[in-house]
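The values are calculated or read from the model by the stated rules, or taken from the named source; none is laboratory data. Computed from a predicted structure; not experimentally measured. Here Cβ is always computed from backbone atoms with ideal geometry, including for glycine, and neighbour counts include all displayed protein chains. Calculation scope for accessible area: heavy atoms of the full protein, side chains included, ligands and nucleic acids excluded. Shrake-Rupley method; radii C 1.70, N 1.55, O 1.52, S 1.80 Å.
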Amino acid sequence: MVVDEVAEWDRNSSEYVPVEELKAANDPRWQAMLKGEWNVHEESPQDFRGRVVTAVERLIDAHSGHRIAIVCHGGVINGYLSHILG
């Protein structure tokens, strides 16, 4: 099953550059990330986190009492874990 809401923050980007490459090249996008700038994305950090938390919680509720696996990228994991950890 594919759950569209469990997608990375750059899901509609026309390219993918691993963050490690951005860092190694000192790319301006890496610098923007370090500064906490979020001006190149379609949704705010709050909207992203809300989307992720809602989707994961919905999956948990739908499979109560079962073990499930969610395959996703680090931004989704960070978004949900930050919700759990407060």
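Points worth noting:
- The residues in the stretch 1-21 that are at pLDDT below 90 and surrounded by 14 or more Cβ atoms within 10 Å (Cβ to Cβ) can be counted, and the count is 5.
- Hits in the stretch 22-36 - residues which are surrounded by 12 or more Cβ atoms within 10 Å (Cβ to Cβ) and over 14 Å from the mean Cα position of the chain (by Cα): LEU22, LYS23, ASP27, ARG29, TRP30, GLN31, ALA32
- Total residues in the stretch 48-63 satisfying the condition of being open to solvent by 60 Å² or more (accessible area, probe 1.4 Å), charged (D, E, K, R) and over 11 Å from HIS83 (Cβ atoms): the figure is 2.
- Close pairs (7 angstrom Cβ cut-off, 6 or more residues apart or separate chains): in contact (Cβ under 8 Å) with a residue 12 or more places away in the chain in the stretch 44-58, of a type in the set (Ser, Thr, Tyr) anywhere: ARG49/SER82; VAL52/TYR80; VAL53/TYR80; VAL56/TYR80
- The set of residues from the stretch 64-76 being part of a helix (DSSP H, G or I) and either at pLDDT 95 or above or surrounded by 15 or more Cβ atoms within 10 Å (Cβ to Cβ) (or both) comprises GLY75, VAL76.
- Where a residue in the stretch 10-38 is touching a residue at least 12 places away in the same chain (Cβ under 8 Å) and its partner, wherever it lies, is open to solvent by 70 Å² or more (accessible area, probe 1.4 Å), with Cβ under 7 Å and at least six apart: ASN12/GLU42
- The one condition in (1) under 18 Å from SER82 (Cα atoms); (2) in a helix (DSSP H, G or I) that LYS23 fails to fulfil: (1)
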